[in-house]
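The values are calculated or read from the model by the stated rules, or taken from the named source; none is laboratory data. Computed from a predicted structure; not experimentally measured. Cβ: placed from backbone, ideal geometry, glycine included. Neighbour counts: every protein chain shown.
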Amino acid sequence: TTSRTPLMAGNWKMNLDHLQAASTLQKLAWTLQDAKHDAAAVEVVVLPPFTDLRTVQTLVDGDRLELRYGAQDLSPHDSGAYTGDVSGAMLARLGCSYVVVGHSERRDGHGETDEVVAAKAAAALRHGITPVVCVGEGLDVRQAGRQVEHVLAQVDGSLAGLDADAVAGLVVAYEPVWAIGTGEVATPADAQEVCGAIRARLRETHGDAAADGVRVLYGGSVKPSNVAAVMAEEDVDGALVGGASLDPADFAAIARYQ
Ligand code: PEP
């Protein structure tokens, strides 16, 4: 992981309204400041609900906070008759650096296929936003020992059509579904097995620069107490954090995992 800047991304999911977002973000920024957080050494990102983004933008710009932010989803389309959807152009205008695509809660709850995820990743890239492409197997697949082939098929499908330059700048998050919000963490070796396989596949399909540049995150019940062990694995470049990212002290502790 030496040449890649580690990334800690907090997925707030459907929690914290815009007023709560303001206080949570300020507490996070103060805690990071007190800890003399080096933003060049570990990148910290928050992923709030859409309705919080304007507030987050105002705080980050106004206080020159050394964190980046993004959204949890976007439309594959750039504009038009798509009631209820939000475009990449709108997110870019709000200063979003990142957008999650293909979270398991969207794949499972909203029927998003790899094809839809690939279209969303392409839409993000058209607007200069880095997609955080989520993949991960369910418990049945894990129990059958087929996690690597399952995840690699998701990687192939979800990154379909992206060129080597795009992949080099991308973030892929490996989130075993059975470990999300369950308190059940994959062992560091489990995380490495799949994160390493993802990088190896991208080396085959997109070449060395893409494989060496892409950041592969682990996600699933990451906490201050377990983050160091997973970050010690060679192919884990960061974490996508749900529950623990809602607590500014915990999330700041995760960002100081070293
Ligand atoms: C997530 O939903 O991306 C996630 C990893 O959640 P949690 O950390 O709560 O398991």
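Would you tally the residues in the stretch 85-94 being in contact (Cβ under 8 Å) with a residue 40 or more places away in the chain and within 17 Å of the chain's Cα centre (by Cα)?
Counting residues in the stretch 85-94 that are in contact (Cβ under 8 Å) with a residue 40 or more places away in the chain and within 17 Å of the chain's Cα centre (by Cα) gives 1.
Kindly list the number of the only condition in (1) under 21 Å from GLY243 (Cα atoms); (2) at pLDDT below 95 that fails for GLN143.
Checking GLN143 against (1) under 21 Å from GLY243 (Cα atoms); (2) at pLDDT below 95, the one that fails is (1).
The rows are residues; the columns are (1) assigned to a helix (DSSP H, G or I); (2) farther than 13 Å from PHE251 by Cβ; (3) hydrophobic (A, V, I, L, M, F, W, C); (4) modelled with pLDDT of 95 or more.
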residue	(1), (2), (3), (4)
LEU16	no, no, yes, yes
LEU19	yes, yes, yes, yes
ALA22	yes, yes, yes, yes
ALA29	yes, no, yes, yes
ASP38	no, yes, no, no
VAL45	no, no, yes, yes
THR55	yes, yes, no, yes
ASP61	yes, yes, no, no
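So, in the stretch 185-209, of the ones that are more than 17 Å from LEU162 (Cα to Cα) and acidic (Asp, Glu), which residue ends up surrounded by the most Cβ atoms within 10 Å (Cβ to Cβ)?
ASP190
Can you tell which of ASP212, ASP247, ASP237, ASP163 is crowded, with 17+ Cβ neighbours inside 10 Å and in contact (Cβ under 8 Å) with a residue 40 or more places away in the chain?
ASP237
I need the full set of residues from the stretch 186-207 which are within 15 Å of GLU233 (Cβ to Cβ), touching a helix residue (DSSP H, G or I) at 6+ places or on another chain (Cβ under 6 Å) and not small (Gly, Ala, Ser), in order please.
Hits for the stretch 186-207 are PRO188, VAL194, ILE198, ARG199.
Enumerate the helices (runs of 4 or more DSSP H) found wholly within the stretch 105-224, keeping only those where 2 or more residues are away from the ligand (no atom under 14 Å from the Cβ) and within 18 Å of the chain's Cα centre (by Cα).
It comes to 114-126, 147-158, 164-168, 188-206, 208-213.
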